[in-house]
Protein chains: 2
Amino acid sequence: MAAMAGGGPRQCRRLEAEAARAVLGAADTLLFDCDGVLWRGEAAVGGAAATLGRLAAAGKRLCYVTNNSSRTRVAYTEKLRRLGFPPAEPRHIFGSAFCAARYLRQALPPGAAAYVLGSPALAAELEAVGIPHLGPGPAALPGPAPADWAQAPLDPAVRAVLVGFDEHFSYAKLCQALRYLLRGGSDCLLVGTNRDHRLPLEGGTGIPGTGCLVKAVETAAQREAFIVGKPNRYMFDCVVSEFNIDPARTIMVGDRLDTDILMGNSCGLTTLLTLTGVTTLDEVKGQEGGSALHSSIQDLLDHLVRCLVFCNCWHQRCWGPQLLPQLCPGWLAACPAHAPGPARPAEEPDGLGGQVQEHHHLLHNLAE
Amino acid sequence: MAAMAGGGPRQCRRLEAEAARAVLGAADTLLFDCDGVLWRGEAAVGGAAATLGRLAAAGKRLCYVTNNSSRTRVAYTEKLRRLGFPPAEPRHIFGSAFCAARYLRQALPPGAAAYVLGSPALAAELEAVGIPHLGPGPAALPGPAPADWAQAPLDPAVRAVLVGFDEHFSYAKLCQALRYLLRGGSDCLLVGTNRDHRLPLEGGTGIPGTGCLVKAVETAAQREAFIVGKPNRYMFDCVVSEFNIDPARTIMVGDRLDTDILMGNSCGLTTLLTLTGVTTLDEVKGQEGGSALHSSIQDLLDHLVRCLVFCNCWHQRCWGPQLLPQLCPGWLAACPAHAPGPARPAEEPDGLGGQVQEHHHLLHNLAE
């Protein structure tokens, strides 16, 4: 396991029972994404609560790292309790609402306020760190004509626009956000909680995610937002700052390649992908087809089969040819298994049983 | 002028009086952008109405090609009349609302409806071509919880989502647009009137443009919209379809490099950039600095100085190094004046007096 977290070439592999025990044994902290991994809506994923209970009993530190900006830290501890997960303190919860407030507290001068496109939870986290804010809730255009819209009063204290999930998002709010950004220029921060483009609901439906709203504001302002959430490493930095964890002894468990797994890999963590949420095996396998394999937390940690470990091969830019190559343009040149020219031998990580497979072979062998 | 519209290498140049008379003499049709070129808000640009009157008296065909989706063809003829421009018929007006309705009329089967994020004018143009629609005006979320939002009734006839400028844009509408797109898949068209990211107002302020809303829907749906407006050529195709004009004898007059000039150049038109609207000379000159030069329609066509002609060097991918190179990635390799390797001589277009300047020299010499 130590070799897996080190600097050498890494392998993507499917965890079999023995190898998985070794991976878990070498970790002292597990970071969990929540929606799609621990629960879907108000229903816990089968076996997840019991599994986390066993991990906690075995002395592992459990933290929760979620892009969802619609709940406070306290609300997450209550949900964990309600669904039968081991007790958690607010300091173990790293939601994008809390992390955004923490970021602004560091970045803004005292007294500066934030214009918020977001939920009451986002506002509450700002209040908790003492940042004045305005914006949450419905807003109307201040008159019938475009000229009126550029005349609404602006709060002189606003030095940041913060975009989270906002069911009251409207043209009026977009307009006001742009006006703060144009007034302040580079003195007005633009921060987004995350770029998730869709929020999956039960039954396979989905509703637009925060990423849509961030994109609208970025397009209006013609500048890029600082994104607090995964795959950016800021959330992981928040965890490190609180608990001083060792990346080499930390596992990130998530259901999204483009957020959870990407952040974990870029931070040097061991990463586990579950198939109970957004990502299907078909997506992992790209155009290859084949039957879907449903892995869950229970599968993962009780029996330790039917799951994938993506070690930090992101550093090596190697996901295999079918594995969302858009995540890593240029992987072909950097991957020891796929680079043009003389093939370099793949290193065999220490401490892991099971067969080390080349990435592209792995992908053929997943759907057994 | 014939050489300018032909297939050979083209030069960007500043029009002096004699050259400008030759350019105008060789044209029988002029296409005008409206906002920022003919008027700003409710005030005509100085001299613009008189100039267009002279052009009409000289037998030129005048058409109006605008990305603005908030007015019908009829409303544009009324505004032209109100501001003293020569009389125009609705068939001379190519607004993005009309052109979007025309596109959907061609693309949709009979009876199919459109879900519209847009203005009453957009709805009126759809009605004029017999396309049922729903959506314009304010919309509220159909319940307090995310699960409710995915339960609002969907019209079974909807086969297109049309995004125009919508002051009532809201999360509820974005949600409904996504649901139609997910339900229909590739059988549900996604069409945007334009990608303008900002709508400039008097006094240098701006409000978010339709491009912000299009981007939000595209991000949610994870697919690209068909864009009716400039710089896409669809609007020009509408003009050709109505009047059978010859691109080689047509001039596009606009204030935006990234819409008007880009469309004109990609359609093989001669293009005139005025500096009364969005584009400043500083932008044209990039980082070079220097005093701004304000050209207007009046300057352009009365005295024919202080204006630029961008011939269709877009085809040659050559705007010069300071001229918004992001519009033409790869220009360096394709431009005869800037290509690496042995320099090819720049061709001297026929029929144009004045000194033919290399693009990068031109940019140094503009602000005299």
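The values are calculated or read from the model by the stated rules, or taken from the named source; none is laboratory data. As the structure is a computational prediction, the values presented were derived from the model and not from experiment. Please note: Cβ atoms are built from the backbone with ideal geometry, for glycine as well, and neighbour counts cover all protein chains shown. Surface accessibility is based on the protein's heavy atoms, side chains included, excluding ligands, DNA and RNA. Shrake-Rupley method; radii C 1.70, N 1.55, O 1.52, S 1.80 Å.
A:THR51 satisfies every condition listed in (1) open to solvent by less than 30 Å² (accessible area, probe 1.4 Å); (2) of a type in the set (S, T, N, Q); (3) modelled with pLDDT of 95 or more except (3). If you check A:GLY192 against the conditions, is it surrounded by fewer than 24 Cβ atoms within 10 Å (Cβ to Cβ), within 26 Å of B:ARG179 (Cα to Cα) and either at pLDDT below 95 or within 14 Å of chain B (Cβ to nearest Cβ) (or both)? Spelling it out, it is not the case that A:GLY192 is surrounded by fewer than 24 Cβ atoms within 10 Å (Cβ to Cβ), within 26 Å of B:ARG179 (Cα to Cα) and either at pLDDT below 95 or within 14 Å of chain B (Cβ to nearest Cβ) (or both). Scanning the range B:180-194 for residues that are hydroxyl-bearing (Ser, Thr, Tyr) and outside any helix (DSSP H, G or I) turns up just one, B:THR193.
Take the conditions assigned to a loop (DSSP other than H, G, I, E, B), buried (at least 23 other Cβ atoms within 10 Å of the Cβ), touching a residue at least 24 places away in the same chain (Cβ under 8 Å) and among the β-branched types (Val, Ile, Thr) and apply them to A:VAL37. Does it pass? Yes; evaluated as a whole, the condition is true for this residue. When B:ALA177 is tested against the conditions (1) within 7 Å of another protein chain (Cβ to nearest Cβ); (2) in a helix (DSSP H, G or I), the lone failure is (1).
So which of B:ASP166, B:ASP148 ends up being facing chain A (nearest Cβ under 9 Å) and either assigned to a loop (DSSP other than H, G, I, E, B) or of a type outside the set (Gly, Ala, Ser) (or both)? Please lay out each step first, then the result.
On the way: B:ASP148 fails: facing chain A (nearest Cβ under 9 Å).
Unique residue meeting the criteria: B:ASP166.
Determine if the range A:275-290 includes at least one residue that is in contact with a strand residue (DSSP E or B) (Cβ under 9 Å, 6 or more places away or on another chain) and at pLDDT 80 or above. Among the residues of the range A:275-290, not one is in contact with a strand residue (DSSP E or B) (Cβ under 9 Å, 6 or more places away or on another chain) and at pLDDT 80 or above, which makes the answer no. The lone criterion from (1) more than 14 Å from every other protein chain (Cβ to nearest Cβ); (2) farther than 23 Å from A:GLY118 by Cα; (3) open to solvent by 50 Å² or more (accessible area, probe 1.4 Å); (4) out of contact with any Pro (no Cβ under 8 Å at 6 or more places or on another chain) left unmet by A:ALA43 is number (1). One residue alone among B:TYR64, B:TYR115 is more than 22 Å from B:PRO247 (Cβ to Cβ) and in contact with a Leu (Cβ under 9 Å, 6 or more places away or on another chain), and that residue is B:TYR115.
The combined condition, being modelled with pLDDT of 95 or more, outside any helix (DSSP H, G or I), in contact with a Cys (Cβ under 7 Å, 6 or more places away or on another chain) and open to solvent by 60 Å² or more (accessible area, probe 1.4 Å), is fulfilled by A:ARG159. Listed conditions (1) open to solvent by 10 Å² or more (accessible area, probe 1.4 Å); (2) more than 19 Å from B:MET252 (Cβ to Cβ) are all met by B:LEU104, apart from (1). Mind counting the residues in the range A:195-210 that are at the interface with chain B (Cβ under 8 Å from one of its Cβ atoms), in contact (Cβ under 8 Å) with a residue 60 or more places away in the chain and in a loop (DSSP other than H, G, I, E, B)? Within the range A:195-210, residues that are at the interface with chain B (Cβ under 8 Å from one of its Cβ atoms), in contact (Cβ under 8 Å) with a residue 60 or more places away in the chain and in a loop (DSSP other than H, G, I, E, B) number 1.
Here A:VAL228 clears all of (1) in contact with a Cys (Cβ under 7 Å, 6 or more places away or on another chain); (2) farther than 21 Å from A:THR72 by Cβ except the condition numbered (2).
Taken residue by residue, the range A:80-87 has no member that is open to solvent by 10 Å² or more (accessible area, probe 1.4 Å) and under 21 Å from A:PHE226 (Cα atoms).
Close contacts from the range B:211-240, counting a first residue that is away from chain A (no Cβ under 13 Å) and a second that is of a type in the set (Phe, Trp, Tyr) and surrounded by fewer than 18 Cβ atoms within 10 Å (Cβ to Cβ), with Cβ to Cβ under 9 Å and a gap of 6+ residues or different chains, come to B:ASN232/B:PHE226; B:TYR234/B:PHE226. Listed conditions (1) within 24 Å of B:PRO146 (Cα to Cα); (2) hydrophobic (A, V, I, L, M, F, W, C); (3) open to solvent by 30 Å² or more (accessible area, probe 1.4 Å) are all met by A:ALA97, apart from (3).
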